[in-house]
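Only one structure is covered here, and it is reproduced in the block below.
Just so you know, all these numbers are worked out from the coordinates, no wet-lab data involved. Everything numeric in this text was worked out from a predicted model, so none of it was measured. Glycine gets a Cβ as well: all are built from the backbone with ideal geometry, and neighbour counts include every protein chain shown.
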Amino acid sequence: MKNHELMKKGMVASLPMIVGGIPFGILFGSLAMSNGLSPWFAIAMSSIVFAGSAQFVALGLILMDAPLWVIISTTFIVNLRHILYAADLIKFVKHLPMKWRLIIGFGLVDESYAAVRPLYGTNQISTENGHYAFLGSFLSFYLMWQAATILGVVAGELIPGMSQWGLEFAMVATFIGIITPYLQKTHLKSVAPYWVALISASVASLVLNGLPNNLGLLFAALVGVLMGYLASSLKANQLVSEEG
Amino acid sequence: MSTTYLMLIILGMFVVTFGVRFCLFAKANRVVMPGWIEGALGFVPISVLSAIIVPMVFMPNGELDINLSNPWLIGAGAAFFVGLLKQNQLLTILVGVAVFYLSKLLV
């Protein structure tokens, strides 16, 4: 397959999540404006930091006059989940030159990971060529995020009160669109451990919601990963003993 | 707030965000993942994403709200249902957003 066809494959796989990301980006731009921050600040954050949910958390902290170290350490914690994505992708990037690893590292957001990673599992892309699919996904996502931020900055000035519309629900729906395929039965995997991960992470996130600096998010995610893994190990043992 | 301070915020956020995403890639050719970590990593996306959205859906105002008058819950429930039924992400997102705004309007 040619490189531009692979890039297109990555873009097409990302398309639904790009649509879902637009209102979220608009909300970010308009929130920054309605709280008296300058347009360049919103645009610089979207283009340099490029981290959806962390940008919202940081915005909230800036408005609370939080000290710099709190803003940066919270950003770190909110984004810590990306190290888990990186760990999962190492096997597909370790042979690539540094230039490629820098690009994929910069663009490693939830949606691109969710869109491109399954393409390896279904053999639509391979370790040799998959990075072009990632590049396509990253570029389309990056362009959308900048355009939506700018749109939000402009709209936020023209339409006051826009930040109260509940545009962040688009992110909720997008993430549900990423989650549900894991819960459907395919010939490749059993679904029960994924349900275990979903339910335990969800319950934990509600119980731990009061923890400061979004630490609840991190711990709840770890609970989900652990429970899912335990469930899958139990299942594997069961299969072995049934066969034996 | 001074421009320098705002620039420091962006710079600091960039460093930690990029650092987290890139650090394992920097020496990727030398990192060896134990098998059990590989197995556990498969549960990362579903766990992280549900931990982000579940509090937004069940506690939109900071307190547990499991009622039909909570549009977040109704919209998310609709998206979840469509997502399980059909393998179509765009439909999942559009139905979820439509139901969310409908129930916001009606309640």
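With axes computed from alpha carbons, what is the tilt in degrees of helix B:89-106 against the longest principal axis of chain B, rounded to the nearest 10 within 0 to 90?
50
Local charge sum around B:Ile37 (other residues, Cβ-Cβ under 12 Å, Lys/Arg +1, Asp/Glu -1)?
That works out to -1.
Mean separation of Cα pairs under 8 Å and 6+ residues apart, divided by the residue count of the stretch B:1-102: what relative contact order is that in percent?
Numbers: 47 pairs, mean separation 16.3, N = 102.
Computed over the stretch B:1-102, the figure is 16 percent.
Among B:48-54, A:128-134, what's the highest-first ranking by average C-beta atoms within 10 angstrom per residue? Spell out each step's value before the answer.
Numbers: B:48-54: 26.3, A:128-134: 21.4.
In decreasing order of mean packing, B:48-54, A:128-134 become B:48-54, A:128-134.
A:Met1 to B:Glu38: FRET efficiency via 1/(1 + (r/R0)^6), r the Cβ-Cβ distance, R0 25 Å, to the nearest 0.05? Numbers along the way, then the final one.
Values: r = 26 Å, r/R0 = 1.06.
Once rounded, the FRET efficiency stands at 0.40.
With a cut-off of at most 15 other beta carbons within 10 Å, and DSSP calling the residue loop, which chymotrypsin sites (Phe, Trp or Tyr not before Pro) in the stretch A:141-227 qualify? Please list them.
A:Trp165
Hey, if you put +1 on the Cβ of every Lys and Arg and -1 on every Asp and Glu Cβ in chain A, which of A:Thr186, A:Ser163, A:Ala221 ends up farthest toward the positive end of that dipole?
The residue sitting farthest along the positive end of the dipole is A:Thr186.
Suppose R0 equals 35 Å; then what is the FRET efficiency for A:Ile48 and B:Lys104 from their Cβ-Cβ distance, rounded to the nearest 0.05?
The formula returns an efficiency of 0.55 here.
Take every Cα pair under 8 Å in the stretch A:82-164 that's 6+ residues apart, average their separations, divide by the length, and report that relative contact order as a whole percent.
Numbers: 38 pairs, mean separation 23.7, N = 83.
Relative contact order of the stretch A:82-164: 29 percent.
Take the eigenvalues of the Cα gyration tensor for the stretch A:38-118, scale each by 5, and report the square roots as semi-axes in whole Å, largest first. The partial results should precede the final answer.
Numbers: eigenvalues 151, 37, 25 Å².
Equivalent ellipsoid semi-axes, largest first: 27, 14, 11 Å.
Run lengths n ≥ 4 of DSSP H only: what is the helix-derived mean residue ellipticity at 222 nm for chain A, with -39500 (n - 2.57) per run over all residues, to the nearest 500?
-24500 deg cm²/dmol
For the protein assembly as shown, just the Cα set please: Rg and Dmax, both in angstrom.
Computed over the Cα atoms of the protein assembly as shown, radius of gyration and Dmax are 19.8, 70 Å.
Just to be sure I follow the rule: in the protein assembly as shown, considering lysines 8 or more places apart or on different chains, how many pairs have Cα atoms under 19 Å apart?
8
Once you have a ≥ b ≥ c as the square roots of the Cα gyration tensor eigenvalues for the stretch B:47-94, tell me rounded if a/c is under 1.5, and otherwise prolate or oblate according to whether a/b is larger than b/c.
In terms of gyration-tensor shape, oblate.
I need to check one value: relative contact order of chain A, counting alpha carbon pairs closer than 8 Å and at least 6 residues apart, in percent.
It comes to 31 percent, rounded to a whole number.
So for the pair B:Leu91, A:Thr127, with labels modelled 7 Å out along Cα→Cβ, what separation do we get in nm?
3.7
Under unit Cβ charges (Lys, Arg +1; Asp, Glu -1), what dipole magnitude, rounded to 20 debye, does the protein assembly as shown have relative to its Cα centre?
880
Given points 7 Å out from each Cα along the Cα-Cβ axis, report the A:Val203 to A:Ala155 separation in nanometres with one decimal.
Distance between the two pseudo-spin positions: 3.9 nm.
Using all alpha carbons of chain B, what is the percent of pairwise distances in each 5 Å bin, ordered from the shortest bin to the longest?
P(r) for chain B, in whole percents per bin: 2, 10, 11, 14, 12, 10, 13, 14, 10, 3, 1, 0.
How big is the stretch A:54-200 on each of its three principal axes, counting only the C-alpha atoms and giving the largest first in Å?
49, 38, 31
Run the numbers for A:Ala192 and A:Leu63: contour at 0.36 nm per residue of separation, minus the present Cα-Cα distance, in nm.
42.2 nm
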